[in-house]
Amino acid sequence: CEETGAEKTSRSKCEPYRSFIEEGIGADLTAQRIYQDLRDERGFTGGYDSVRRMVKRLTGAQPLPFRRIEREPGMEAQADFGKGATLIGPDGRKRRSHVVRVCLSFSRKAYSEAFLKENTENWLRGWENAFWAWGGVPKTLQIDNTTCAVKHAEWYDPELHPIITAFCDHYGTVLLPIKVRTPRHNGKAERNIGYVKGNALKARTFSSLQAENEFLRHWERNIADLRIHGTTKQQVRQRFEIEKPALRPLPKERFVFFREAKRRVHRDGHVEVARAYYSVPPEYVGHTVWARWDGHIVRILNAQFVEIRRHVQKQPGVYSTADADISSKKIALVESGADALLQRVRLIGPQAAHWAETMLKA
């Protein structure tokens, strides 16, 4: 509190309480807690900033440096979405693309791909194409808490979109969203997106999304892979040769992308999916179920995501009804077939049975 002028007036208010503040520091109290105690117990009228500055002077406190964390080969990749280049079509119409970049944390080997929309399916396609371009899968995949992947952001138990969970199960990797409002935890991806935007795409335009992606593939191979990375002090391509054997093997097939939505079961025991109709077991009438479809198969799941019915996807307007989903009370007698009808007639007697069999043959 040796300042002069207006600064002295504001800061010197803490001086009469120096011993109290020192006791608080000795008890490992925060500056905020010391300020609250001063205000409530000693009638302190100064501001919190005055107390904070006094605590800093008395402790010589300096902010702790961020801890740099490096990963073992094959352990982690980080991914992020960013704005891509402007696309100018033949008609002069401009569209802004979006770029996903997936970066292996050990080697800094990365994969970039542009899309027209930033959504869940494009997220997954970018990750998947990166895995196949590398020839392997990292053990973990770290992202920010984008709504494309995370339904509810929470540090210990985040809620992921079901398709994200299915994708990770298919590739044998684990998705790790970062701590909320802590972008530095995804720092490699953040810097990599900035690298793409500033080095590869800045001041460039393309005639189509295909042209932008062809340029990005060339840029990754001939610029990004050949650079000496500022942190590792090694060439990215050479470092990737060390990391590649540590990646997990690819599955035999690519992930089958599907769409998913909640559906309420109609009174007729069907749900509408892509303008066609599919039956569910009769006990689900009036309840809400989940539908997943991929253009070939429609799967109906209950609230616990257990499959309760599967159908071949139909054209719009067509009904698909499984025999097991028709209640016995709703099956007309004639629908049972000739054998069932003859069996009922035989209950009347042999003459009635003979007559019915003769009529059927005739």
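What follows draws every value from the coordinates through simple rules; no lab data is involved. Just so it is clear, the model here is predicted, and its values are computed rather than measured. So basically every Cβ, Gly included, is an ideal-geometry build from the backbone, and we count neighbours across all protein chains shown.
Worth pointing out:
- Total formal charge among the other residues, if their Cβ is under 10 angstrom from that of residue 307, Lys/Arg +1 and Asp/Glu -1: +4
- Computing FRET efficiency as 1/(1 + (r/R0)^6) for residue 119 and residue 319, where r is the C-beta to C-beta distance and R0 is 30 Å, gives about 0.45.
- Unit charges at the beta carbon, dipole of the range 210-327: most positive-side option, 215, 302, 228: 228
- The charge dipole of the range 267-322, taken about its Cα centre with unit charges on the Cβ atoms of Lys, Arg (+1), Asp and Glu (-1) only, comes to about 100 debye.
- The packing ranking of peptides 33-44, 113-124, highest mean first, is 113-124, 33-44, where packing means the average number of other beta carbon atoms within 10 angstrom of each residue.
- Listed residue (270, 288, 358) projecting farthest to the positive dipole end of the range 256-362, Cβ model: 288
- The range 254-326 pair-distance distribution - Cα-Cα, 5 Å bins, rounded %: 4, 18, 31, 28, 13, 4, 1, 0
- About its Cα centre, the dipole of the range 225-343 is roughly 760 debye, where the only charges are +1 on Lys and Arg Cβ and -1 on Asp and Glu Cβ.
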